[in-house]
Every structure is written in structure tokens, then in C-alpha cells.
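To start, the structure under review is shown below, and the notes come after it.
The values are calculated or read from the model by the stated rules, or taken from the named source; none is laboratory data. Keep in mind that this is a model prediction, so the values were computed, not measured. Methodologically, a virtual Cβ is constructed for each residue, glycine included, from the backbone with ideal geometry; neighbour enumeration extends over all protein chains shown. For accessibility, only protein heavy atoms count, side chains too; no ligands or nucleic acids. Shrake-Rupley method; radii C 1.70, N 1.55, O 1.52, S 1.80 Å.
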Amino acid sequence: IKGYTVDTDSTGNSSQYVNPGIGGQAYDAEALYVDFDANKLYLGLITGHNPAMTNANGWAPGDFLIDFGRDGIFEYGLKTIGVDAGKLYRIGKNDVQLGLFTGQTTPLGAISPYSGGKNAVSITGGTLVGTGHIAISNGFKGYGQYTQDTHYAYEAEIALNLFAPEFWGKAFDVQWAMQCGNDVISADPPSGFVPEPMSLALFAVAAGDQGAGEG
């Protein structure tokens, strides 16, 4: 795994703080992983949030969002659920749904450039550029500090040639949250690196680890 963030493993009742909201295990994003090979970018997520939840009975899952240049604005998003699951979209600032919490910061510490400093959580528009693959597990136990809690795993892969060459060689962040934004997790590969030629340039930025900490 080239880059990752492991967040606090929450449990307990719905009033337990996760970050930036509350919700306990049911709204806990616990780990996000980034890896690659010569052709594809791979993402892995562990969460206590049930992917079957909807905005009618709680809050639905968000999408994987990718920020090239680490300026807080996401250029690509991979849909996680529904009929568009696995589709990669080129997105702009107005093509995302925002979470509930204002005054949030980017991985670099600046206030989020979205309205009210809110976190982007899912895709609402944009241009379809291709289709990757995504798989979501059934609930399982035996993971993390609280082994009796239920967890869910997301795995995704995206062909590197779906990203525009203008973004190759730029540092990037990957972010995920449920659509309320109660718990946001971001994997932040290092911002400094030596670019590789052409097709190798994109995944050179993921050659580093993000240690444990809050998402």
C-alpha cells in the first residue's frame, strides 16, 4: 500500500463523536488506502457505515473524490452506489453535493473552498470519462479495536489513462465520506516528488505513507 490513513475505530451509541459530526460506529470512516500498478489506481475503504443506507432512512454513502494539485477542489469522482457505480466523472466545483458541516479544512489546513467551507461528499454532475470497477462487501466482524462491531469494505480500481494528461505528475488527495459528512477520511500522498515519464507520472505521487490520525 503506497498511501493510507487509519482513523479512530469508533463504537457505542449514536452520540459518539466521529469527525466532524457524531454518529458512532454507524457513521465511522476507519481506513482509506491507495495503491497502484503500471496501469491502474486502486482504492480501499473500511467503514462502519452501511452502504445500504439511503437519505430516506439515514444518509447514503458518498463517492470517492480525487483532488489533483491539493487545492481543495476535486477534479474527478468515482460513483460508489446505484446504477452509476464504478463510473468516473470529470467534475467541477458545482458538480458535488456538500456535507452538513461548515468551516472544514482541506488536508493542507486551508478552509475548504466550497460554499461555507463545507466538505464535498458526492457527485451530482460532471462529464463521464470512463468506467472503473467497484465492489462493496457484506458486513463483517473481527476488524479493528472493537471486533464485534460490523464493518464494510469498498474496493475500487481506475485505469490511469482515464485521467487527463494535464493532471499527471501532480500530487493528489483521495477523500470519502457518507453524504451527511459526519466522518471524512482522506488519503494524502506526499506533495513533493520527482515525476516519472508520462504514464508513470500519475502514480509516482502515491509513493508514500500517511500515518494514523483523524480523517
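State whether one or more residues within the range 75-84 are acidic (Asp, Glu), out of contact with any Asp or Glu (no Cβ under 6 Å at 6 or more places or on another chain), open to solvent by less than 40 Å² (accessible area, probe 1.4 Å) and within 15 Å of Gly3 (Cα to Cα).
So in the range 75-84, the residues acidic (Asp, Glu) come out as 75, 84.
Imposing the further condition that a residue be out of contact with any Asp or Glu (no Cβ under 6 Å at 6 or more places or on another chain) reduces the set to 75, 84.
From what is left, the residues that are open to solvent by less than 40 Å² (accessible area, probe 1.4 Å) are 75.
Now drop any that are not within 15 Å of Gly3 (Cα to Cα), which leaves none.
Among the residues of the range 75-84, not one is acidic (Asp, Glu), out of contact with any Asp or Glu (no Cβ under 6 Å at 6 or more places or on another chain), open to solvent by less than 40 Å² (accessible area, probe 1.4 Å) and within 15 Å of Gly3 (Cα to Cα), which makes the answer no.
Selection within the range 10-45: residues that are open to solvent by 20 Å² or more (accessible area, probe 1.4 Å) and hydrophobic (A, V, I, L, M, F, W, C). The member of this set that is nearest to Val174 (Cα to Cα) is Phe36.
The listed residues are Tyr33, Tyr42, Tyr4, and the only one of them that is more than 19 Å from Ser122 (Cα to Cα) and assigned to a strand (DSSP E or B) turns out to be Tyr4. Of the strands (runs of 3 or more DSSP E) that lie entirely inside the range 48-109, those containing 1 or more residues that are under 17 Å from Ala156 (Cα atoms) span 64-68, 76-78, 87-90. From the list Gln179, Gln145, the lone residue that is within 17 Å of the chain's Cα centre (by Cα) and either more than 18 Å from Leu45 (Cβ to Cβ) or touching a residue at least 24 places away in the same chain (Cβ under 8 Å) (or both) is Gln179.
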